[in-house]
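**Student:** Here it is, the structure in full.
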């Protein structure tokens, strides 16, 4: 509901701004209030918790005579028709969701001045222990003396494409873009990128067909193709890999996932924003690589752990080089610690990402 209303505000606001206000309020439970779910009926409070949402924009606005039909299925206002984007379903579905959650959407609007949406829904306060997550370090660039990779972004949705293109350019990659599979194929032949971010759902030629043709091309030479899709169910994942994609990322993706995948396949090393304490850096690295490290063969886990415990520098570096052949990003991070003789930190890191089976055995 919130994504849809905010999305409309962004789409129809060319100047001024957008304001989101979120608040909660407690109201005494009335006899006709919705029944509390059984899983939550041990709640001590006698209040009904309500979530209040307001979204205001300074956009195109909606004429008074069109306000009644803006929540009808497949109906669009004049501004919606002019944008030539959308189906007339978003607000209708949002209204039904709000009503299912015990609320109602209200809207006020003035043409060329903006709109204000408001809704209140019933919620329950979860009982959970929330731990502050240490944010991943922000990548700011590529370590010097690396070849600057050529990256092609193939994506038909302009805002998705520009977001990824700007992200990569700001770090220092050489980037070009394609709006469909056919254009991606042409740019591949002309430019020979090292890496392609390939959207699957595109017009004229989809990402799977473009990938097949790239992999069969006479000019193909180790270009990495990674699918980026919102539809990667298990069956489609098999189709994506069978078409020749080297990996895939699901939308919506995390920024750190984009950089991790590129480091994994291109052997890249990054520079990061600002100074970080050893503790923060260690936590962010272990969070960043835990899943990938655990997927490595168990004999490499054991061999590296033993070498670090014995402070055997040559054996440690030898094992890390084996790891780097399987995952360059993890290998690079471990090699940096080993070369700095930072064995305390290296051992702590290995212990924190040790496979579950090894932890149980140790206990």
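Coordinate-derived values only; no laboratory data. As the structure is a prediction and not an experimental result, all values here were calculated from the model. Because the Cβ atoms are built from the backbone with ideal geometry, glycine has one as well, and the counts that use them run over all protein chains shown.
**Student:** For region 137-270, what size does the Cα cloud have along each of its three principal axes, sorted from largest down, in whole Å?
**Tutor:** Principal extents (largest minus smallest coordinate, Cα): 37, 31, 25 Å.
**Student:** Let me have the relative contact order for region 150-231, percent, based on Cα pairs under 8 Å that are six or more residues apart.
**Tutor:** Relative contact order here is 32 percent.
**Student:** In addition: In nanometres, what is the gap between the two model label sites at residue 108 and residue 235, each 7 Å from Cα along Cα-to-Cβ?
**Tutor:** For the pair residue 108/residue 235, the computed spacing is 5.0 nm.
**Student:** Using 0.36 nm per residue of separation minus the Cα-Cα distance, give me the extension gain between residue 345 and residue 23 in nm, one decimal. It would help to have the intermediate numbers written out before the result.
**Tutor:** Values: separation 322, 0.36 × 322 = 115.92 nm, distance 4.29 nm.
Additional length available on full extension: 111.6 nm.
**Student:** Quick one: 211, 229, 24, fewest Cβ neighbours within 10 Å first, how do they rank?
**Tutor:** Listed from fewest to most nearby Cβ atoms, that is 24, 229, 211.
**Student:** OK, next. How far apart, in nm, are the 7 Å Cα→Cβ label points at residue 174 and residue 124?
**Tutor:** Going by the 7 Å Cα→Cβ label model, 5.8 nm.
**Student:** Any chance you could run the full-extension gain for residue 322 through residue 302? It's 0.36 nm times the residue separation minus the Cα-Cα distance, nm to one decimal.
**Tutor:** Length gained between residue 322 and residue 302: 5.9 nm.
**Student:** Using the 10 angstrom Cβ neighbour count as an exposure proxy, how do 202, 101 rank, fewest first?
**Tutor:** Sorted ascending by nearby Cβ count, the order is 101, 202.
**Student:** Could you check the spin-label model distance between residue 93 and residue 212? Points 7 Å from the Cα along Cα→Cβ, value in nm.
**Tutor:** Between residue 93 and residue 212, the simple spin-label model gives 3.0 nm.
**Student:** Assuming 0.36 nm per residue, please report the length gained on full extension of the stretch residue 116 to residue 221 beyond their Cα-Cα distance.
**Tutor:** 32.4 nm
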